[in-house]
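Values quoted throughout were computed directly from the atomic coordinates according to the rules given, and no laboratory measurement underlies them. All values reported here derive from a predicted model rather than from experimental measurement. Cβ sites come from the backbone with ideal geometry, for glycine too, and all protein chains shown count toward neighbours.
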There are 2 protein chains.
Amino acid sequence: MPRVSVEAQRREQILSAACEVISEIGFKSLRIADVAKRAGTSTGTVHYYFTTKRDVMHAAFEHNFAHSLDRRKPILDEYPDPRERLRAFIASYLPEDQVTLRAWHVWAELWVEALHDSDLQELNERVYGEWRRTVAAIIRDGQDAGYFADGDPVIRANALISMIDGLALQVLLGSRNMTVERMRTACDEVLQAFGLAPAQ
Amino acid sequence: MPRVSVEAQRREQILSAACEVISEIGFKSLRIADVAKRAGTSTGTVHYYFTTKRDVMHAAFEHNFAHSLDRRKPILDEYPDPRERLRAFIASYLPEDQVTLRAWHVWAELWVEALHDSDLQELNERVYGEWRRTVAAIIRDGQDAGYFADGDPVIRANALISMIDGLALQVLLGSRNMTVERMRTACDEVLQAFGLAPAQ
DNA sequence: TCCTATCCTGACTCGTCAGTCAATTCTAAC
DNA sequence: GTTAGAATTGACTGACGAGTCAGGATAGGA
């Protein structure tokens with residue numbers, strides 16, 4: 001029997017490269033050759049593991065999603081106090097560091113691609129559901145502990161998440177009026193207004 | 001001297017068609033031939049009025065923006081009471097009717113395109129500034145009239161607008177968890193929380 | 001009526017790129 | 001060392017679409 005399989009690591013390598021390229025030049029301009037080059041391989045190899053360009057892109061979106069979740073897992077376990085947990089969780093989405101910025105870029109590309117692709121809508125639905133449930137759960141914990149004001153946790157989670165999306169988008173667009181600092185301020189204001197303000 | 005100029009109306013016709021096509025199949029898949037067909041003309045004519053595809057797209061984004069503003073002008077004049085004005089203005093952005101949906105679609109495409117195009121970032125900056133100023137002005141009016149709670153109107157405007165963007169995006173994506181009705185509810189909740197709730 | 005500038009057309013060119021494939025290299029087992 | 005199947009390569013093909021262009025149509029003015 002020949003060689004041990006390198007499929008898993010080669011796919012990872014390609015998808016990681018794909019995410020980098022998407023975030024740098026965008027889905028529209030991305031060529032398979034770009035991904036291959038970034039992954040340090042050839043177009044033939046990319047096609048060996050993925051049938052079509054669409055396959056690569058879908059898998060890359062999944063990859064981006066899975067990693068985003070993984071990166072946040074520790075935060076959810078680290079803070080027993082729901083006030084701190086909520087603050088830290090939201091802070092982890094601020095587009096400050098390179099990794100988070102890249103993830104947001106890929107996200108934005110996914111959204112627009114999904115407008116005309118029902119498979120990607122399904123992915124968005126899954127991801128968004130996950131995110132919504134996570135935030136709503138923290139809010140519920142905080143309410144149970146008597147820290148947060150009453151009110152439907154799901155509506156508040158939706159409002160919070162959507163605002164973060166919208167704010168992040170403006171930051172990504174390099175708006176002179178929406179910096180990471182202002183984004184943080186806006187988040188804090190809404191948390192305050194919703195009675196979800198973390199402890200000082 | 002020959003013929004009266006048809007340039008203005010022909011450009012309008014082409015840009016309107018371009019917006020329709022963008023909203024239907026997306027920027028990426030859009031071909032000049034699609035725009036020409038939709039406008040009831042030929043690719044040659046499109047190139048007669050616009051040098052490159054990029055020109056068409058940028059002009060289409062401008063077109064979409066200008067029309068969005070025009071459509072809302074009457075709302076701002078119609079309601080003397082800032083509470084009603086804010087409610088009506090926000091309601092006009094709910095992606096319910098065909099026209100608003102189309103405008104949102106084009107918006108979303110602009111955002112992602114702008115991630116890698118500084119001219120479009122400039123356009124976004126202008127549009128967003130306009131929007132932010134408008135909402136902030138209404139909030140300020142409401143505060144002056146003693147209807148709204150105190151607090152920085154610009155931060156609140158930013159928070160509100162971003163949330164509307166994020167919510168609208170999920171509605172556009174056909175999320176089962178984010179319908180127009182839930183979007184309305186989320187908006188109302190934030191208005192309440194910010195002490196910007198319109199009169200009943 | 002002719003003239004002229006504007007407007008319109010669609011066939012064509014030419015670059016680009018996804019996807020194919022035949023040839024080659026590599027690795028592990030025997 | 002031989003073999004078999006996995007992995008890799010990059011030149012090639014075929015489709016596609018932006019932008020060009022030469023040839024016309026059209027509308028007003030002289």
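Just a few scattered comments:
- Copies compared at residue A:48 - label distances in nm, ascending, label defined 7 Å from Cα in the Cβ direction: 5.3
- Dipole-positive endmost among B:91, B:137, B:118 within the protein assembly as shown (Cβ charges, Cα centre): B:118
- Angle between chain B longest axis and helix B:180-193 axis [Cα atoms, degrees, rounded to 10]: 40
- For the options B:80, B:153, B:95, a Gaussian network treatment of chain B with springs between C-alpha atoms closer than 10 Å singles out B:80 as fluctuating the most.
- Distance from the C-alpha centroid of the stretch A:177-198 to that of the stretch A:1-71: 36 Å, rounded to the whole angstrom.
- Note on the stretch A:34-135: with charges restricted to the Cβ of Lys and Arg (+1) and Asp and Glu (-1), its dipole about the Cα centre is near 160 debye.
- For residue B:8, inter-copy label distances in nm, listed shortest first [label point 7 Å out on the Cα-Cβ vector]: 6.7
- Other residues lying with their Cβ under 13 Å from the Cβ of residue B:17 contribute a combined charge of +2, Lys and Arg counting +1, Asp and Glu -1.
- Against chain A, whose longest principal axis comes from its Cα atoms, helix A:7-25 is set at around 70 degrees.
- The share of C-alpha pairs in chain A whose separation exceeds 30 Å stands at 29 percent.
- Ordering B:127, B:191, B:108 by Cα displacement along the dipole of the stretch B:61-193 toward the positive end leaves B:191 in first place; charges were set at the Cβ atoms of Lys, Arg (+1) and Asp, Glu (-1).
- Exam field: residue A:177 pseudo-label spacings to other copies (7 Å along Cα-Cβ), nanometres: 3.1
- Spin-label pair residue A:100-residue A:5: with each label point 7 Å from Cα along the Cα-Cβ axis, the two points sit 3.6 nm from one another.
- Axis angle, to the nearest 10 degrees, between helix A:98-114 and the longest C-alpha principal axis of chain A: 80 degrees.
- Every helix of 4 or more DSSP H residues in chain A counts as -39500 (n - 2.57), and over all residues that averages to -24500 deg cm²/dmol at 222 nm.
- Protection proxy ranking, highest mean first, for peptides A:133-139, A:44-50: A:133-139, A:44-50, where packing is the per-residue count of other beta-carbon atoms within 10 Å, averaged.
- Only the Cβ atoms of Lys and Arg (+1) and of Asp and Glu (-1) were treated as charged; on that basis the dipole of the stretch B:61-193 about its Cα centre amounts to roughly 340 debye.
- Simple Cβ-charge dipole of the protein assembly as shown, Lys/Arg +1 and Asp/Glu -1, about Cα centre, in debye nearest 20: 1000
- Net length gained if the chain between residue A:181 and residue A:133 were fully extended (0.36 nm per residue, minus Cα distance): 14.6 nm
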